[in-house]
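Undergrad: For reference, the structure I am asking about is given below.
The values are calculated or read from the model by the stated rules, or taken from the named source; none is laboratory data. All of these numbers come straight from a predicted model, not from anything done at the bench. Cβ: placed from backbone, ideal geometry, glycine included. Neighbour counts: every protein chain shown. Heavy atoms of the whole protein, side chains included, go into the accessibility calculation; ligands, DNA and RNA do not. Shrake-Rupley method; radii C 1.70, N 1.55, O 1.52, S 1.80 Å.
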Amino acid sequence: IEAREPESRILIGDNTMINNNTTIISDKTSIEIGNNCFIGYDCEFLDSDFHGLYRNIKNENIISKRIIVGDNVFIGSNCKILKGSRIGNNSIIGINTVVRGKVPENVIYAGNPGKIITYL
């Protein structure tokens, strides 16, 4: 768990359980994980790409975007939660899923790229 800059924030709610080898890095914004969440092993929460696309480009203008995970969310193992993602309350994220963008409340969401599988 790493907050890289003075303005970086990582907030983890009450009764949330995070399994082994999960990485949470906030570069310049915040990563907020709600209450009563379960997070599997080997997950990554990254609010930035952390570098440019080309080696000769300076990394001064890297864009970071906040990540928000609602309450009562279950995230399976080996998931990647990318910058700007929002996961709604009571949703389930399937194993090995890449989350990019908004996941509504009360859904099962899975795949690479992730998509809604069913509504709960």
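Undergrad: Please give the direction-averaged projected area of the C-alpha convex hull for the chain, in square nanometres with one decimal. Can you show the working numbers first?
TA: Numbers: hull surface 28.7 nm².
That works out to 7.2 nm², a quarter of the Cα hull's surface.
Undergrad: Give me the dipole magnitude in Debye, nearest 20, for the chain about the Cα centre, with unit charges on the beta carbon: positive for Lys and Arg, negative for Asp and Glu. Don't jump to the answer; show the numbers that get you there.
TA: Numbers: 13 positive and 13 negative charges, 91 e Å.
Magnitude of the dipole: close to 440 debye.
Undergrad: Could you do me a favour and compute the accessible area per residue for the chain, 1.4 Å probe, result in Å²?
TA: 59 Å²
Undergrad: Which chymotrypsin sites (Phe, Trp or Tyr not before Pro) does the range 14-113 hold that lie in a coil by DSSP with at most 11 other beta carbons within 10 Å?
TA: Those that pass, being in a loop and sparsely packed, are 54.
Undergrad: State the antiparallel share, in %, of DSSP beta bridges confined to the chain, rounding to the nearest 5.
TA: Rounded to the nearest five, the antiparallel share is 20 percent.
Undergrad: What are the GluC sites (Glu not before Pro) within the range 12-120 that DSSP puts in a loop, where the Cβ has at most 12 other Cβ atoms within 10 Å?
TA: 60
Undergrad: Between residue 95 and residue 63, what is the FRET efficiency for a Förster distance of 22 Å, r being their Cβ-Cβ separation, to the nearest 0.05?
TA: Details: r = 29 Å, r/R0 = 1.30.
According to the calculation, E is roughly 0.15.
Undergrad: Another question, if that's okay. What's the lysine pair count for the chain at a Cα cut-off below 24 Å, pairs eight or more apart or interchain?
TA: Lysine pair count for the chain: 15.
Undergrad: Rounded to the nearest percent, how much of the accessible area of the chain (1.4 Å probe, protein heavy atoms only) is carbon and sulfur?
TA: Numbers: 3440 of 7110 Å².
Ligands and nucleic acids excluded, carbon and sulfur give 48 percent.
Undergrad: Here is a further query. Please list the non-local residues whose amide H lies under 5 Å from the amide H of residue 33, H modeled 1.01 Å from N, same-chain partners needing a gap of 5 or more.
TA: Hits under the 5 Å cutoff: 11, 12, 13, 69.
Undergrad: Just the Kirkwood number for the range 1-46, please: inverse of mean 1/r across all distinct Cα pairs, in Å, one decimal.
TA: About 10.8 Å, per the Kirkwood formula over Cα pairs.
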